[in-house]
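Scroll down for the structure; my scribbles are underneath it.
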Amino acid sequence: MIPVAFDYEVAESVDHALELLGQHGDEAKLLAGGHSLLPIMKLRLAAPALLVDLGRITDLNYVRDEGDHLAIGAMTRHTDVERNPIVQEHCGLLSYTASLVGDSQVRHRGTIGGSLAHADAASDLPSALMALDASFVVKGSSGERSVAVGDFFKDYLMSDLAEDEILTEVRVPKLSAGTGWSYQKFTRRLMDWAVVGVAAVVEKSNGSVGTARIGLTNMGSTPLRATAAESALSGADPGSVAEASNSADEGTSPSSDIAASDEYRRHLARVLTKRAVEEALSR
Amino acid sequence: MSRSEATPIAPTRVGPEPTISRPGGIGQSERRPDGVPKVTGEFEYASDMWLDGTLFGATLRSPHPHARIWSIEISEAEAIPGVYAVLTHEDVPGRKVYGMEIPDQPVLAWDRIRYQGEPIAIVAADHPETARRALEKIAIDYEVLDPLADAEEAMRENAPKLHLSGNVLNHVHIKHGDGDAVEADVVVRGEYEIGMQDQAFLGPESGLAVPDGEGGVDLYIATQWLHVDQDQLVESLGLSPEMVRLTLSGVGGAFGGREDLSMQIHACMLALHTERPVKIVYDREESFYGHVHRHPAKMRYEHGATRDGKLVYVKARTVLDGGAYASSSPAVCSNAARFAIGPYECPNALIDSYVVYTNNPPCGAMRGFGAVQTCFAHESQMDKLAGALGMDPVEFRVKNAMTTGSTMPTGQRVEGPTPVAELLERVKAMPMPEAAGDGPRDLRELPGGVSNTTHGEGVTRGVGYAVGFKNVGFAEGFDDYATARVRLSVTDDGPLVEVHTAAAEVGQGLVTVQAQIAHTELGVERISVLPADTRVGSAGSTSASRQTYMTGGAVKMACEAVRERLFERVKEEFGESPNSLSLEDGSVVSGDRMVASLMDLLDGEDIEETVVHRHVETFPLDANGQGDADMQYAFSAHRAVVDVDTELGLVRVVELATAQDVGKALNPQAVEGQIEGGTAQGLGLALLEEIQVRDGKILNASFTDYLLPTILDMPPVKMDILELADPNAPYGLRGIGEPPNISTPPAIVAALRDATGRELPRIPVRPEQIAGVATQPPRRSPQAGGGYADIGDIRDRSET
C-alpha cells in the first residue's frame, strides 16, 4: 500500500495550477482532497509523476448566493457543503447527499470538485447534481467555459475536462418553494459506495407530481437521468408513482459485479425511484 | 544465487520485558494487559518489529490459478542495487514442501502452480520498494492451464489429477444404526451451500527472522502454534531444532488462519542467506492470498421423522472445497461428518463427507472447523422438518435434543452435562426486543440505516433459532498435549510466580487466564507470564477451543506440582502433614494458623516444575465412522431477531440472544468477549462475508470489497452463560471459542426465512436472494462502479 514515487507541487492559485498542468501534461494529476486518488495510487492503479495540490487555494472554497442559483467553489469540502446554511435552505438535496459521501474523514478532506472530476458513476454527488440541473465552470489556459452537468460525465472515470483544465465552480439552481427532493442510497454497509442511488427533484402540483428529475447513481458508466421514468412520472398522482417508477431502469446498462447483478441493480433503481419520489412529494 | 555483502549481526532483539501482574483468582473478570495498549496504539504487533540493519522480504506470487512453470529467470532482479537475495525452490536447503498434516505444499513452486497467489520466488532488499521492483524483474515462463475450479467436477474419475494421490483428499463415511435403510412418516430434503469465509484477522502475516551468526536463526512471529512452525522450519531449513528458535510476537487475531505457515520459511531462508535480519509483512491484498480460508461447502440432506416428531434417520452428503493443498482439510472433513446431524438423538444416520483438491485458494482451519458448514445445513433441515410436521421449531428440537448418555453417530457416548434442550429453552425464554412501533423510527434502527432507503414501510420482522455443537481439543487419536513450566521464587518485592508456556495469545485472553490460575493455585499475587517461545515444550495450537483447557490445565498441574514440593519442604522443616496445608496470601497455612511465609521457605531455593498435560485418549474412526473420537463437546444456542425490507432485500439484525454452557468462566469478561466476537463473525458469514472466487481467482481481496460487519451492523448480544461443570476438565471448564460462530448463522437465516418465506439455501445471503430478484451469482466479469476490485487500471483516465 505504498504508491509509486511522485513529485508534489503546491498550487498557489488557479493560474499557477494551470501553469503546472501546462508544463507537465498528462504526467500530472490534480490533488483535490485525495480520497479517491490516493487510494488508487496506493493500489498502483494510477501512477502520476506529479501531484499538483489545490488544497491551499482558499479562493476555491466558498458558497455564494447568486440570486437564482448557488455558486460553490470546487475546493469546498463535503462537510462544508453539508453544513452550509445557504445550501441547506435553497438546495437541501445537495446538503443531504454530501452527508452520505464516504465516511466522516472523507467528508472532512474530500471536496465537491474532486469528487465530480473523478467522475465515478458510483459516487453520490454526480447524480444529485444531475437531478438538480447543475452546471460547472471549467478554467483552462485559453479561458473559462461552462459545461452543463449532462455534458460533463463522458465515461467511467472520464469527464469532459481536458488535461490542461480545472473544474473551479459548481452552479446549482435554487429549488423553488413547491419542490420536494430525496436521495436514496442503497449500501449493504454504511459508508460503502452506493450499489445504486437515486436522486429525485419533484416540482409538486396539488399533491401530485408536476415534473420530476431523477438522477441515477451506479446504473451505468456515468451518472444518468431516468428520462423514461421522468416522462411517466409527469403529472402522476401519488397512487400511480409506483407504476411510473417501473421504467426507472429503462435505457440504463448497469454492470454485474461482485456487489450486485445487473437485474438486481435494475430492481433497486425502480424501487428506490418510487421511494424517492414518494419522499419528495411528502417533503 | 545472490550477492551477499553483509556483515553478520549478532541477534540483538529481545522480546518484550515480561511484566508482573497482580490478577485476581479464577472466576473474576480481569483486565487484560494488552487491552489498553491496543486501544492507544502502543501494542507491538509482529508488523511493528524492527532491528537495525533489517532487510525487507517480498514474495513473487503466481497470477494464474493453474499453470506449468517452464523457467524462472532472476538475474535481472539480482542486479538491482539494494537487492541482497533472490531465492527460488533451488535455494530451499531442506525439504522443499511443507504442511501440518500432509507435506504437499511447495515452499517455493518449481514446476506447477496450483492456486493463484502461490509463492515462486522471494527477495530481500534494503527497502520495500526495492524488493517490489525486484519482483517485477523476475521473469517466469508460464504455460497457463485451465483451472479445475469446481469441487464436484474435481471428484469425477476423468478429472485431471492435481496431486499424484488424486483429487479426493479425504472421505469420511459414517453409518449409524441402519443407515438410511428405514422408513419415515415425514421426509424433507434440502441442498445447502456456504461461501468461502476469510478469517480476516486485522494484523496481516508478519515476522522477523534474525540469523545468529552461527548458522541458526531466531524467528519472531505471529502464529497459533510455535512448535508446529518449528517442526516444519527444521525440515525445510535442514537444521536441528536447537538452531531454529521461535518467539511469539504480537498477534493481531488468528481464527485458524495462522495455523499453516505463511512467510516463516521464506523469512528464515532470506535471513540465513543474507546474514541479516529479514522482516516480511504482507499487505491486506497479499494476506488474502497468504493464508487458508474457511471451506466452501455443498451439502445435500434428507431427514426422516415420525409423525409425532421424533427423528428416524438423517442422510447427509457434504462436499468441501479444499483448494490446492491439504492444510488441515482431512480433519475439517471428519468434523463435518461427526457433527453432520447436530446435537440430536437420531437412531439411524448415513453420512458421507468429502474434501477435494481444486485450483481454488487453499482452505483449512477457521473457527468452527467443519461444524459451521454442517450446522447451517442441519438446522435448516430441522426448521423445514418442524414446518412439515406443523411443530414449533424449538419444541421440535427439544424433543430430539441430545442428553447425557446419548449416542453420537460415531457410536461415542456423550458424557457430562449435555444441556441442549436447556440452552434452547433458555434462549427462547429471554425477553424479546421491543416490536417495531407505528410511529417514526430512528433510521439507525432500520434496514439500510441512515442511508435513508427504508422508513419502516413494509419492514417485516422475523425470529429464528439454532443450536450447534463441536468437539473441544484435537480428536481421533491425535496425541494432544500442552506443556507448562512454573517457577516459584521470592524477590525483594515478595513471592513471585513465573509461568512459561509456548501457548499463543492470539487475542483471546490466555495470558490473563494463566496468571489467574497461578494466583488461584499458589496464593501468590505477583505473577509473571513469560513470553511464549520454543524454550519450553509445545502447548499445541491455539485452536479447537482448546487452549484454556489444555494449557490452562497444564499451568494448573504445574502449580500443583510446585505446591506439592513446597509442602514437602514444610513437612521436612515443620513436621506438618501436607494434607492439612494450603497456600494463602504468600503464606503456607493450616486452617487459620500460619505455618510459614514463602519468604522464609523459599529463601534462595526456587521451586520449578515442568508438566505435560494430556487430555483423555481419543480414537480414530473405523471404516463405518465408528469410534470415540472426541474429548469434550461444547454447545450453544442462538435466537436471532431481524427486520427485513423485503422489497429491497435489506436486513437489520435487531438482536442476537445466546445461551452457552462454558463449564466454568475463568475470566467472565473474556468469556463474554469471545461470545460476542464469535457471534459477530457468525453474523458476517450469514449476511456479508465471502471471498468471491471465479475460475480460481479471488475477485475481492480488499476490505473495501470483502464485507466485514461494522459496529453498525452488529446488534446487542443478550447472553445467558451456564456453568455446568465437566467432571473431567480442569475447573470443570468447557472450550468456548467456537460454538458462537457455529449457531449464529443458521439462527439468522431462520429469522430471514421467517420474515420472507423464502428458502435461502446459501450463505452469505445476498440482498437479491431476499428480494427474490436473482438467486444466481453474478454472470459477467466485474466492471465499473463500487469497490477497488472493479476499478481496473485507470492510468490513462482523468481524475483529481
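The values are calculated or read from the model by the stated rules, or taken from the named source; none is laboratory data. Keep in mind it's a predicted model, so treat the numbers as computed, not measured. Note that we place each Cβ from the backbone using ideal geometry, even for glycine, and neighbour counts take in every protein chain shown.
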Test: residue in the range B:128-151 that is at pLDDT 95 or above, over 20 Å from B:Val281 (Cβ atoms) and among the polar types (S, T, N, Q): no
Residue in the range B:657-684 that is nearest to the other protein chains (Cβ to nearest Cβ), counting only those that are over 17 Å from B:Ser636 (Cα atoms) and touching a Gly at 6+ places or on another chain (Cβ under 9 Å): B:Gln669
Members of the range B:586-605 found to be surrounded by fewer than 13 Cβ atoms within 10 Å (Cβ to Cβ) and in a loop (DSSP other than H, G, I, E, B), listed by number: B:Gly591, B:Asp592, B:Asp603, B:Gly604, B:Glu605
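Residue under question is B:Glu676, and the condition is that it be assigned to a helix (DSSP H, G or I), surrounded by fewer than 23 Cβ atoms within 10 Å (Cβ to Cβ), within 25 Å of the chain's Cα centre (by Cα) and not aliphatic (A, V, I, L, M); does it hold?
Numbers: assigned to a helix (DSSP H, G or I): yes; surrounded by fewer than 23 Cβ atoms within 10 Å (Cβ to Cβ): yes; within 25 Å of the chain's Cα centre (by Cα): yes; not aliphatic (A, V, I, L, M): yes.
So B:Glu676 passes the test.
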Yes/no for B:Val765 being among the β-branched types (Val, Ile, Thr) and more than 14 Å from every other protein chain (Cβ to nearest Cβ): no
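With respect to B:Val773, determine if the residue is within 14 Å of chain A (Cβ to nearest Cβ), modelled with pLDDT of 95 or more and part of a loop (DSSP other than H, G, I, E, B).
Working: within 14 Å of chain A (Cβ to nearest Cβ): yes; modelled with pLDDT of 95 or more: no; part of a loop (DSSP other than H, G, I, E, B): yes.
No: the conditions fail for B:Val773.
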Of all residues in the range A:144-167 being in contact with a helix residue (DSSP H, G or I) (Cβ under 6 Å, 6 or more places away or on another chain) and surrounded by fewer than 21 Cβ atoms within 10 Å (Cβ to Cβ), the one that is nearest to the other protein chains (Cβ to nearest Cβ): A:Glu163
Residue in the range B:158-176 that is exposed (fewer than 13 other Cβ atoms within 10 Å of the Cβ) and either closer than 16 Å to B:Ala305 by Cα or in contact with a His (Cβ under 6 Å, 6 or more places away or on another chain) (or both) present: no
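I want to confirm something. Restricting to the range A:108-143 and keeping residues that are acidic (Asp, Glu) and either touching a Gly at 6+ places or on another chain (Cβ under 8 Å) or free of Cβ contacts under 8 Å to residues at least 12 places away in the same chain (or both), which single residue is nearest to A:Ala98 (Cα to Cα)? It would help to see each step written out before you state the result.
Our first condition is that a residue be acidic (Asp, Glu); within the range A:108-143, this holds for A:120, A:124, A:133.
From the residues that got through so far, the ones that are either touching a Gly at 6+ places or on another chain (Cβ under 8 Å) or free of Cβ contacts under 8 Å to residues at least 12 places away in the same chain (or both) too are A:120, A:124.
Numbers: A:Asp120: 15, A:Asp124: 8 Å.
Filtering first and then ranking leaves A:Asp124.
Can you tell me how many residues within the range A:223-240 are surrounded by fewer than 19 Cβ atoms within 10 Å (Cβ to Cβ), in contact (Cβ under 8 Å) with a residue 24 or more places away in the chain and in a helix (DSSP H, G or I)?
Going through the range A:223-240, the residues surrounded by fewer than 19 Cβ atoms within 10 Å (Cβ to Cβ) turn out to be A:227-228, A:231, A:234-235, A:237-240.
Among the residues that remain, those that are also in contact (Cβ under 8 Å) with a residue 24 or more places away in the chain are: A:227, A:234-235, A:237-238.
When the remaining residues are screened for being in a helix (DSSP H, G or I), the result is A:227, A:238.
Result for the range A:223-240: 2.
Against the definition (touching a His at 6+ places or on another chain (Cβ under 8 Å), in the same structural domain as A:Leu129 (by TED's automatic domain parsing) and over 30 Å from B:Glu286 (Cβ atoms)), how does A:Leu93 come out, yes or no?
Values: touching a His at 6+ places or on another chain (Cβ under 8 Å): no; in the same structural domain as A:Leu129 (by TED's automatic domain parsing): yes; over 30 Å from B:Glu286 (Cβ atoms): yes.
Answer is no for this residue.
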Matching residues, the range B:219-258, being surrounded by fewer than 24 Cβ atoms within 10 Å (Cβ to Cβ) and acidic (Asp, Glu): B:Asp231, B:Glu235, B:Glu242
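Would you pick out the residues in the range B:195-240 that are within 30 Å of B:Leu687 (Cα to Cα) and charged (D, E, K, R)?
Just the residues of the range B:195-240 that are within 30 Å of B:Leu687 (Cα to Cα), to begin with: B:195-206, B:222-224.
B:Asp198, B:Glu205, listed by residue number.
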All helices (runs of 4 or more DSSP H) inside the range B:363-459 with 1 or more residues being crowded, with 21+ Cβ neighbours inside 10 Å, touching a Pro at 6+ places or on another chain (Cβ under 7 Å) and touching a residue at least 12 places away in the same chain (Cβ under 8 Å): B:371-389, B:420-429
All positions within the range A:31-83 that are assigned to a loop (DSSP other than H, G, I, E, B), within 13 Å of another protein chain (Cβ to nearest Cβ) and of a type outside the set (Gly, Ala, Ser): A:His35, A:Leu43, A:Arg44, A:Leu45, A:Pro48, A:Leu54, A:Ile57, A:Met75
Restricting the range B:477-505 to residues that are within 29 Å of B:Arg338 (Cβ to Cβ) and either among the basic types (Lys, Arg) or surrounded by fewer than 21 Cβ atoms within 10 Å (Cβ to Cβ) (or both), the residue that is nearest to the other protein chains (Cβ to nearest Cβ): B:Phe478
Selection within the range A:176-200 - more than 17 Å from B:Leu687 (Cα to Cα), within 11 Å of chain B (Cβ to nearest Cβ) and part of a strand (DSSP E or B): A:Ser182, A:Tyr183, A:Gln184, A:Lys185, A:Val196, A:Gly197, A:Val198
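Does A:Ala212 satisfy being outside any strand (DSSP E or B) and either at pLDDT 95 or above or away from chain B (no Cβ under 11 Å) (or both)?
Details: outside any strand (DSSP E or B): no; either at pLDDT 95 or above or away from chain B (no Cβ under 11 Å) (or both): yes.
For A:Ala212, the condition - outside any strand (DSSP E or B) and either at pLDDT 95 or above or away from chain B (no Cβ under 11 Å) (or both) - is not met.
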Answer from B:Leu724, B:Leu752, B:Leu707 - the residue that is under 26 Å from A:Ser256 (Cα atoms), part of a loop (DSSP other than H, G, I, E, B) and at pLDDT 90 or above: B:Leu707
Identity of the residue in the range A:226-259, within 17 Å of A:Gly180 (Cα to Cα) and of a type in the set (D, E, K, R), that ends up nearest to the other protein chains (Cβ to nearest Cβ): A:Asp237
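Scan the range A:92-103 for residues that are in contact (Cβ under 8 Å) with a residue 24 or more places away in the chain, more than 9 Å from every other protein chain (Cβ to nearest Cβ) and not hydrophobic (A, V, I, L, M, F, W, C) and jot them down.
Applying the first criterion (in contact (Cβ under 8 Å) with a residue 24 or more places away in the chain) to the range A:92-103 yields A:92-94, A:96-98, A:100-103.
Filter once more, keeping what is more than 9 Å from every other protein chain (Cβ to nearest Cβ): A:92-94, A:97-98, A:101-103.
Across the range A:92-103, the qualifying residues are A:Gly92, A:Thr97, A:Gly102, A:Asp103.
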Condition met for B:Glu564 (within 30 Å of B:Ala475 (Cβ to Cβ), touching a residue at least 12 places away in the same chain (Cβ under 8 Å), in a helix (DSSP H, G or I) and outside the structural domain of B:Ile675 (by TED's automatic domain parsing)): no
Count of residues meeting criterion [closer than 22 Å to A:Thr187 by Cβ and surrounded by fewer than 18 Cβ atoms within 10 Å (Cβ to Cβ)] in the range B:681-701: 0
Which listed residue, of A:Leu31, A:Leu54, is surrounded by 21 or more Cβ atoms within 10 Å (Cβ to Cβ) and within 25 Å of B:Arg284 (Cβ to Cβ): A:Leu31
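Can you tell which of B:Gly322, B:Gly309 is on the phi > 0 side of the Ramachandran plot and in contact with a helix residue (DSSP H, G or I) (Cβ under 8 Å, 6 or more places away or on another chain)?
Details: B:Gly322 fails: on the phi > 0 side of the Ramachandran plot.
Only one candidate qualifies: B:Gly309.
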Some residue of the range B:105-123 being touching a residue at least 24 places away in the same chain (Cβ under 8 Å), away from chain A (no Cβ under 14 Å), closer than 30 Å to B:Lys384 by Cα and not basic (Lys, Arg): no
Of all residues in the range B:81-129 being part of a loop (DSSP other than H, G, I, E, B) and among the basic types (Lys, Arg), the one that is surrounded by the most Cβ atoms within 10 Å (Cβ to Cβ): B:Arg114
